[in-house]
Each structure stands twice: as C-alpha cells, then as structure tokens.
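FYI, it's all coordinate maths here, none of it is from the lab. Just so you know, these numbers come straight off a predicted model, no measurement behind them. Here Cβ is always computed from backbone atoms with ideal geometry, including for glycine, and neighbour counts include all displayed protein chains.
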Amino acid sequence: MSERLDVLRLGYRRGRDPRITTHLALVARAMGADGFLLAGDEDKEMFDNLNSVSDRFGGHLETEHVSGMGHLKHHVANGGVAVHLTMYGEPFRKAIPKIRRDRPVLIVVGGAKVPGDVFKICQHNVAVGNQPHSEVAALALFMDAWFGESGSERNFDDARLIIEGTNDGKLVHDLREED
C-alpha cells in the first residue's frame, strides 16, 4: 500500500468544469484517495459539497487549492511519485506494478490543456485506453486496479448513510435512525 495517495486536478475552470471535477473528487474519495487537490480557479463551494458527502457517507478527503505545476514539481523534488493519467501513456495494467508504493503518490488528471512539462516531470505517464474517454473513467479504472480487491465496495467506519444496492433499486440505511 502506498504511503499516501492524492489526486491533483490541473487546469480547473470554475464556469466550465465543476461537474466533471466534482465527479473526479467523488471517485477519488470513494476509491480511497487521501486528498483531492485543485489547481486552477478556486471553488470553496465544491469543497463544501465534498465535505458534506464525507459527513453523510463517511471517510475523509482532504481538499486543498494548490498551484498546479508548482505543487507537482515540489512533490517530485521531495521524493514523491507522480502518475499522469493520459491517453498517450503506458497501459495502466502494465504500469501499475512498476510504480513505487513506498512513497507518496500523486495522480495527475489534466483539465483544458495539459502543459507539456507534465509529461516530463511525472515519472509515469499512464493510459487506460487509447480512445477518447472521460478522465473520471480513467481515474476510476486506475484506482480500482491500484487498490485491487481492497477498493471494491468500500464502506467507511464513520458513515451515517450506507447504500445497499439491489436488483430493483436501493436500500438506504441511516445509522442514526437504526440506533
């Protein structure tokens, strides 16, 4: 297991990207990331919404606005591992066994236009496919493979609400009502 795993969203544009970026953060949280870092426009409302999800469904996702390239460079310079999700990288199932887990890992997910330096700074440029697709799907597939079985159907000890899926709907368990 890695020491720490954070997801860095580069190039966030508040007026254009809130839905997809929120979905990236929700996947990061649900799949086991420690933090979600946003580089680009500040969006306190998004972070408030993410904290609300954690309050209801448990877990904790640290959220922070950072300078994208500055944070990435600092992370790598201090011994961290940077994994850039891109359509132009090594297939993720081949790449994951090569990625060090004994150092903090930063998964970089691009936004509008990824600076070419990202490819040079990151030790791993990783693809989940070579066809156009969603960065949310790329993050989910990568994190599922990264965590393996331990990431499937994750429940958090401090959850107030637990969703139990069924063939014809869902059951919502409110743990405060069941006490």
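Please work out whether region 5-152 counts as rounded, prolate or oblate from its C-alpha gyration tensor, where a ≥ b ≥ c are the square roots of the eigenvalues and a/c under 1.5 means rounded, while otherwise a/b larger than b/c means prolate and anything else oblate? Rounded, because the longest to shortest axis ratio a/c is under 1.5. One decimal place: the segment residue 55-residue 73 gains 3.3 nm when fully extended, by the rule 0.36 nm per residue minus the C-alpha distance.
Dividing the mean sequence gap of close Cα pairs (under 8 Å, 6+ apart) by how many residues region 53-179 holds gives a relative contact order of 31 percent.
Taking a straight line from the alpha carbon of residue 98, these aspartates and glutamates sit under 15 Å away, with near neighbours fewer than eight places off in the same chain left out: 90.
Taking Lys and Arg as +1 and Asp and Glu as -1, the other residues whose beta-carbon sits under 9 Å from that of residue 4 total -2. Between residue 107 and 6, 7, 8, 83, the built amide H atoms are under 5 Å apart, and every one of these is 5 or more places off in sequence or on another chain. Electrostatic bookkeeping for residue 57 treats Lys and Arg as +1 and Asp and Glu as -1; over the other residues with beta carbon under 12 Å from its beta carbon, the sum is 0. Here the extension length gained between residue 103 and residue 172 equals 21.1 nm, from 0.36 nm per residue of separation less the Cα-Cα distance.
Within the same chain, lysines fewer than 8 places from residue 73 are excluded, and of the rest, those with a Cα less than 16 Å from its Cα are 120.
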